[in-house]
Amino acid sequence: MGSDEAYNFVFKVVLIGESGVGKSNLLSRFTKNEFNHDSRTTIGVEFSTRTIQLKSLIIKAQIWDTAGLERYRAITLIS
């Protein structure tokens, strides 16, 4: 499925958690089917998408991977 195809639903997901718990590897595994044992700390925010077909529905998942370090905590504040 190409990224320019129409879709029925969009889910926007933000991964929030402490540094080093596996947020980036969760994103990588879900969007690229890869797992990196030597992944580096995320600086700021990383973003990726995946399009999934479930029966007759096309679902687009937009996933944001936030940095877990204390200095980036403001990025994850939800008001």
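The values are calculated or read from the model by the stated rules, or taken from the named source; none is laboratory data. The model shown is predicted, which means the values in this text are computed figures rather than measured ones. In this analysis, Cβ positions are derived from the backbone assuming ideal geometry, glycine residues included, and neighbour counts consider all displayed protein chains.
Kindly indicate the residue of segment 5-23 that is of a type outside the set (A, V, I, L, M, F, W, C), out of contact with any Lys or Arg (no Cβ under 7 Å at 6 or more places or on another chain) and within 16 Å of A61 (Cβ to Cβ) and also modelled with the highest pLDDT among those meeting that condition.
Narrowing segment 5-23 to residues of a type outside the set (A, V, I, L, M, F, W, C): 5, 7-8, 12, 17-20, 22-23.
Filter once more, so that each one left must be out of contact with any Lys or Arg (no Cβ under 7 Å at 6 or more places or on another chain): 5, 8, 12, 18-20, 22-23.
Retained after the next criterion (residues that are within 16 Å of A61 (Cβ to Cβ)): 5, 8, 12, 23.
On the way: E5: 70, N8: 97, K12: 94, K23: 88.
Per the stated criteria, the residue is N8.
Can you tell me how many residues within segment 45-55 are over 15 Å from the mean Cα position of the chain (by Cα) and either outside any loop (DSSP other than H, G, I, E, B) or polar (S, T, N, Q) (or both)? Spell out the reasoning first.
First, pick out the residues of segment 45-55 that are over 15 Å from the mean Cα position of the chain (by Cα): 53-55.
If we keep only those that are either outside any loop (DSSP other than H, G, I, E, B) or polar (S, T, N, Q) (or both) as well, we get 53-54.
So the count comes out to 2.
Any residue at all in segment 32-44 that is more than 9 Å from the chain's Cα centre (by Cα), modelled with pLDDT of 90 or more and among the basic types (K, R)?
Yes: segment 32-44 contains one or more residues that are more than 9 Å from the chain's Cα centre (by Cα), modelled with pLDDT of 90 or more and among the basic types (K, R).
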